[in-house]
Amino acid sequence: MNKLLAFGCSHTYGESLPDCLPNDPMPPPSQFAWPNLLAKKLDRECVNLSRSGSSNKQIHYNLVNTNFDKDDIVV
């Protein structure tokens with residue numbers, strides 16, 4: 001299946017959304033975050049590789065060290 005891969009910080013991760021509670025040390029990315037909503041509209045699997053507190057340097061590092069398939073969409 002074609003994938004939508006998302007890289008980013010807490011906004012992409014979905015920090016503070018109802019299914020991403022602060023008392024859990026590292027919950028999975030929120031299902032209500034914009035990458036999941038976009039993936040559903042595009043009928044693609046969402047792979048949210050964002051992390052809360054990521055800097056631009058960390059986001060870039062994750063981006064260049066990820067293998068993509070030909071038909072993936074990367075945001």
From the set of residues in segment 63-73 that are assigned to a loop (DSSP other than H, G, I, E, B) and without any contact (Cβ under 8 Å) to a residue 60 or more places away in the chain, which is nearest to S10 (Cα to Cα)?
-> N65
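If a residue has to be in a loop (DSSP other than H, G, I, E, B) and modelled with pLDDT of 90 or more to count, how many in segment 9-36 make the cut?
Pass one, segment 9-36, residues in a loop (DSSP other than H, G, I, E, B): 9, 14-33.
Subset that is modelled with pLDDT of 90 or more: 9, 14, 29-33.
Number satisfying all stated conditions: 7.
Provide a single number: the residues in segment 39-62 that are under 18 Å from Y13 (Cβ atoms), outside any loop (DSSP other than H, G, I, E, B) and open to solvent by 60 Å² or more (accessible area, probe 1.4 Å). If you could, list the steps in order and put the result at the bottom.
Let us first name the residues in segment 39-62 that are under 18 Å from Y13 (Cβ atoms), namely 39-40, 45-62.
Narrowing the set further to residues that are outside any loop (DSSP other than H, G, I, E, B) leaves 39-40, 45-48, 56-62.
From the residues that got through so far, the ones that are open to solvent by 60 Å² or more (accessible area, probe 1.4 Å) too are 40, 45, 56-58, 60-61.
The total comes to 7.
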Taking segment 2-61 as the search range and keeping residues that are more than 11 Å from the chain's Cα centre (by Cα) and among the hydroxyl-bearing types (S, T, Y), which one is nearest to V74 (Cα to Cα)?
-> Y61
What pairs can you find where one residue is in segment 1-30 and over 13 Å from G53 (Cα atoms) and surrounded by fewer than 13 Cβ atoms within 10 Å (Cβ to Cβ), the other is among the acidic types (D, E) and at pLDDT 85 or above, and their Cβ atoms are less than 7 Å apart, with a gap of 6+ or different chains?
-> M1/E45
Those residues of segment 19-63 which are in contact with a Gly (Cβ under 7 Å, 6 or more places away or on another chain) and among the β-branched types (V, I, T) amount to I59
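The values are calculated or read from the model by the stated rules, or taken from the named source; none is laboratory data. Just so it is clear, the model here is predicted, and its values are computed rather than measured. For neighbour counting, all protein chains shown are included, and Cβ atoms are generated from backbone atoms with ideal geometry for every residue, glycine included. We work out accessible area using only protein heavy atoms, side chains counted, and drop any ligands, DNA or RNA first. Shrake-Rupley method; radii C 1.70, N 1.55, O 1.52, S 1.80 Å.
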